């Protein structure tokens, strides 16, 4: 990819802007020492638009730009179900979960588990989250980001991983969540604008200069790629090793609407530290809820930015519109066309100026997620592990210092592990599957903790202990069971165990730490209601059109 002076100026300007803004927004007033509330919760001062922008910037990363475009190339629009179902999930979280968190006054997800259950449940889940954040989330985003640098600029993967880690550390470790959240507002601007530029280019290539003709061509030449509900045996996709496998294993029919996909989305958007941390840092519940609606509208837009380019790349390769395109998508080490190379290959075709903007958008998506994940890793480790086991009376200054050291260590570990993911064809599915080992237990523990006062601590601990072994057992004993269905089944089994243990142990009585819930807790503003109705209507229309 040949960067012109204009491209380089745009990209370098973006990098300088983010680093300077990170330092500027997180600088302290004279006489004020940064405390844990400032560092981990941005002083609880975020307005709704910052909450919504930060939610999306934290969520949209290389796994969407590279991974979801790769899945768009392999199996089509159906992968958008993660985005559109997420928009609906954000409404549920805003109405039913956020009020409980703010009522309980918590800063981390493990803190909620301590208040509702006991320190054992808190510690087990804190360790699970730390492992997932470092070895699945941080690792995969670093790998996919470095893959894009390798494909676009020819930067060796090791240097790409190191460079991205250092960039994310430069502005996030000093300023904490305040730096991350406020720079995310700028990152989302680059992310959407640069993403739309790439979509425009992809459709122009397919439509010989006409974007609308390009989309029409996608509908006719890749009609199978526009089915939202995939049946068993309907579509075969690359397995990353030169063979094929059934797309149904990734997106099993109606399960994406009424099954395990809810476990995926609710556990991610409702009980995930680096997501909920933004809402907990809002000025008020109303601001947090409006931020969730804003994020929901952005979620509806995301498939246009991250999935449609992948489908366009499929048509370009399949119809041999540009013979060199397939060559760029071929892995130099294996000689196999890799789905995850679709988006980076498209970026190489952008004209001067837009190339720098799109590359800045991709980098924005990568570093904002890296910063968010590292910040949440440091938050959980500092507040739920370090203070609990090592220094209960740690000063505010020491907590901030431990948080910074933890983030640095997390980056180093993830950077060492990241190159091992090179064998994958669709890293997005890797992330979903292995995060899903923990998701069913997390979902069950929180939902029963919220809404069933009889749930006991031992029942929750059993759920925490069994979620990974049960998920692993299903994976190896029933290899033909789609992982989304597996998550749904594990959730049902764990839920049954929670109910049985709680009733036997508690003898039908409410647990002393059960949460008092009233209807007044779930009241929302008129603005929120209007936004929620619009989002629900758009989702219904999209599924009707593309069923």
Next item on the list: Take residue 191 and decide whether it is within 29 Å of residue 251 (Cα to Cα), in contact with a helix residue (DSSP H, G or I) (Cβ under 8 Å, 6 or more places away or on another chain) and crowded, with 23+ Cβ neighbours inside 10 Å.
Entry: yes
Check: Could you say whether any residue in region 71-83 is closer than 25 Å to residue 287 by Cβ and at pLDDT 80 or above?
Finding: yes
Next item on the list: Could you please let me know if residue 87 is buried (at least 17 other Cβ atoms within 10 Å of the Cβ), in a helix (DSSP H, G or I) and either at pLDDT 85 or above or in contact with a helix residue (DSSP H, G or I) (Cβ under 7 Å, 6 or more places away or on another chain) (or both)?
Entry: yes
Check: What is the number of the single condition among (1) assigned to a helix (DSSP H, G or I); (2) over 28 Å from the mean Cα position of the chain (by Cα); (3) without any contact (Cβ under 8 Å) to a residue 24 or more places away in the chain that residue 505 does not meet?
Finding: (3)
Check: If you check residue 109 against the conditions, is it touching a residue at least 24 places away in the same chain (Cβ under 8 Å), within 18 Å of the chain's Cα centre (by Cα) and under 22 Å from residue 377 (Cα atoms)?
Finding: yes
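Rundown of residues vs (1) surrounded by fewer than 19 Cβ atoms within 10 Å (Cβ to Cβ); (2) farther than 29 Å from residue 527 by Cα; (3) over 21 Å from the mean Cα position of the chain (by Cα), yes/no style:
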position	(1), (2), (3)
139	no, yes, no
150	no, yes, yes
158	yes, yes, yes
200	yes, yes, yes
Check: Any idea which of 459, 473, 532 is more than 26 Å from the chain's Cα centre (by Cα) and more than 16 Å from residue 260 (Cα to Cα)?
Finding: 459
Margin query: If I filter region 131-154 for residues that are modelled with pLDDT under 85 and not in a helix (DSSP H, G or I), do I get at least one hit?
Written below: yes
Checklist line | Subset of region 241-265 [assigned to a loop (DSSP other than H, G, I, E, B) and free of Cβ contacts under 8 Å to residues at least 40 places away in the same chain] | finding: 243, 253, 254
Margin query: Being more than 27 Å from residue 133 (Cα to Cα), at pLDDT below 80 and in contact with a helix residue (DSSP H, G or I) (Cβ under 9 Å, 6 or more places away or on another chain) is true for just one of 311, 316, 321. Which residue is that?
Written below: 321
Item checked: Whichever residue in region 466-489 is surrounded by fewer than 16 Cβ atoms within 10 Å (Cβ to Cβ) and either in contact with a helix residue (DSSP H, G or I) (Cβ under 7 Å, 6 or more places away or on another chain) or under 30 Å from residue 515 (Cβ atoms) (or both) and, among such residues, is modelled with the highest pLDDT -> 469
Item checked: Odd one out for residue 448 among (1) modelled with pLDDT under 85; (2) surrounded by fewer than 24 Cβ atoms within 10 Å (Cβ to Cβ) -> (1)
Next item on the list: Considering only residues that are at pLDDT below 85 and under 25 Å from residue 526 (Cβ atoms), look in region 243-284 and name the one that is nearest to the chain's Cα centre (by Cα).
Entry: 276
Check: Mind checking which residues of region 292-306 are surrounded by 24 or more Cβ atoms within 10 Å (Cβ to Cβ), modelled with pLDDT of 90 or more and over 15 Å from the mean Cα position of the chain (by Cα)?
Finding: 293
Notebook entry, point to check: Does residue 45 meet the test of being at pLDDT below 85, surrounded by fewer than 24 Cβ atoms within 10 Å (Cβ to Cβ), more than 15 Å from the chain's Cα centre (by Cα) and on the phi < 0 side of the Ramachandran plot?
Noted result: yes
Check: Would you call residue 324 surrounded by fewer than 23 Cβ atoms within 10 Å (Cβ to Cβ), free of Cβ contacts under 8 Å to residues at least 12 places away in the same chain and either under 26 Å from the mean Cα position of the chain (by Cα) or at negative phi (or both)?
Finding: yes
Next item on the list: Say whether the condition of being under 19 Å from residue 339 (Cβ atoms), assigned to a helix (DSSP H, G or I) and at pLDDT 85 or above is met by at least one residue in region 225-235.
Entry: yes
Note to self: Quick check on residue 531: is it touching a helix residue (DSSP H, G or I) at 6+ places or on another chain (Cβ under 9 Å), surrounded by 13 or more Cβ atoms within 10 Å (Cβ to Cβ) and assigned to a helix (DSSP H, G or I)?
What the structure shows: yes
Next item on the list: Spot the failing condition for residue 107; the list is (1) assigned to a helix (DSSP H, G or I); (2) crowded, with 19+ Cβ neighbours inside 10 Å, and only one is missed.
Entry: (1)
Note to self: Checking the structure you have, find out if any residue of region 290-303 is over 30 Å from residue 536 (Cβ atoms) and touching a helix residue (DSSP H, G or I) at 6+ places or on another chain (Cβ under 9 Å).
What the structure shows: no
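The values are calculated or read from the model by the stated rules, or taken from the named source; none is laboratory data. Keep in mind it's a predicted model, so treat the numbers as computed, not measured. Don't worry about glycine lacking a Cβ; one is built from the backbone with ideal geometry, like all the others, and counts go over all protein chains shown.
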